[in-house]
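A.B. asks: Here it is: the structure, laid out below.
Please treat every number below as a calculation from the coordinates, not as lab data. Computed from a predicted structure; not experimentally measured. Cβ coordinates were reconstructed from backbone atoms using ideal geometry, including for glycine residues, and neighbour counts include every protein chain displayed.
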Amino acid sequence: MKKILLVSCALAMIFSLSACSGAFWTGAGGGTLATGAGYEINAQMKLNQLKKDLDSGKINKAEYDIRVDEVKKMSITH
């Protein structure tokens, strides 16, 4: 959750610092940032689901660790 907050704050700072380049944000730059944020939100949701699966006994600790490592490899903040 802290990492999502960190990414959100960074995006807010970028938006406020580059208000003059509105054309950039309506084009590829905005889409790229939205895609990156989407990946991070999806990664956090997967980590939350893995924790629930571990707690409920659907997966064991070894499987949990493997899957968490896979999710973290795909994340830009881990």
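A.B. asks: Along the Cα→Cβ direction, 7 angstrom out, place labels at I59 and M45. What is the inter-label distance in nm?
C.D. replies: According to this spin-label approximation, the distance is 1.6 nm.
A.B. asks: Full extension from K52 to K72: what is 0.36 nm times the residue separation minus their Cα-Cα distance, to one decimal in nm? Walk me through the intermediate numbers first.
C.D. replies: Details: separation 20, 0.36 × 20 = 7.20 nm, distance 1.71 nm.
Going from the current span to full extension adds 5.5 nm.
A.B. asks: Name the residues whose placed amide hydrogens come within less than 5 Å of the amide hydrogen of I59, ignoring near sequence neighbours (fewer than 5 apart) on the same chain.
C.D. replies: Counting only residues 5 or more places away or on other chains, the set is L54.
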